[in-house]
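See structure below.
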Amino acid sequence: MVVIDAENMVLGRLASVVAKRLLKGEEIVIVNAEKAVIIGNRSFIVNKYLERRNIGSVRKGPYYPKMPDRILRRTVRGMLPMKKSSGKEAYKRLKVYMGVPKEFENAKMEKIEEAKNNKLEGFITLKELSIQLGANLR
């Protein structure tokens, strides 16, 4: 099992690397999901996610998440072939947490170099995005 720290990682780059590794058969745990970032204009990103949340109905969907761990999990899901059994099995091998749970505090955390955020401005964290979407974070 691989534990990946999502702190200051770009969401899309992290998700694509994780999706490829899941398809190879690895079990992956992502911690600190609320500290992952989305690069771009803050208001544009918030409006895009608000539009996604407003599509459809409560009964029929599509259902878009508000919580940071669920947003990250949903992003990885979008990069997996969910209509095939290999994609569904790969998705089951993924676990995403906000913060670091007690069972993973002493585990060796892995950082993905190609997903690191080098920008000083022009991004929004998943926690800030979730608050804008109306999530009730403690």
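Observations, loosely collected:
- Residues satisfying the stated conditions in region 71-105, i.e. among the basic types (Lys, Arg) and farther than 19 Å from Arg21 by Cα: Lys102
- Residue within region 101-110 that is in contact (Cβ under 8 Å) with a residue 40 or more places away in the chain and out of contact with any strand residue (DSSP E or B) (no Cβ under 8 Å at 6 or more places or on another chain) present: no
- Restricting region 30-46 to residues that are within 14 Å of the chain's Cα centre (by Cα) and in a helix (DSSP H, G or I), the residue that is farthest from Ala6 (Cα to Cα) is Glu34.
Yes or no, residue by residue, for (1) surrounded by 12 or more Cβ atoms within 10 Å (Cβ to Cβ); (2) within 15 Å of the chain's Cα centre (by Cα); (3) small (Gly, Ala, Ser); (4) outside any helix (DSSP H, G or I):
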position	(1), (2), (3), (4)
Tyr49	yes, yes, no, no
Leu72	yes, yes, no, no
Thr75	yes, yes, no, no
Lys83	no, no, no, yes
Lys88	yes, no, no, no
Lys95	yes, yes, no, yes
Glu103	no, no, no, no
Asn106	no, no, no, yes
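- Residues that are over 24 Å from Lys102 (Cα atoms) and outside any helix (DSSP H, G or I), drawn from region 8-29: Val10, Lys24, Gly25
- Test: residue in region 4-26 that is touching a strand residue (DSSP E or B) at 6+ places or on another chain (Cβ under 8 Å) and either exposed (fewer than 13 other Cβ atoms within 10 Å of the Cβ) or more than 20 Å from Glu114 (Cα to Cα) (or both): no
- Considering region 51-70, and only residues there that are part of a helix (DSSP H, G or I) and touching a helix residue (DSSP H, G or I) at 6+ places or on another chain (Cβ under 9 Å), the residue that is farthest from Leu137 (Cα to Cα) turns out to be Arg53.
- Leading residue by the ranking (surrounded by the most Cβ atoms within 10 Å (Cβ to Cβ)) among those in region 108-138 that are in a loop (DSSP other than H, G, I, E, B) and of a type in the set (D, E, K, R): Lys111
A short reminder: the numbers here are calculations on the coordinates, not readings from a lab. This is a predicted model, so every value here is computed, not measured. With ideal geometry, Cβ positions are generated from the backbone for all residues, glycine too; neighbour counts draw on all protein chains shown.
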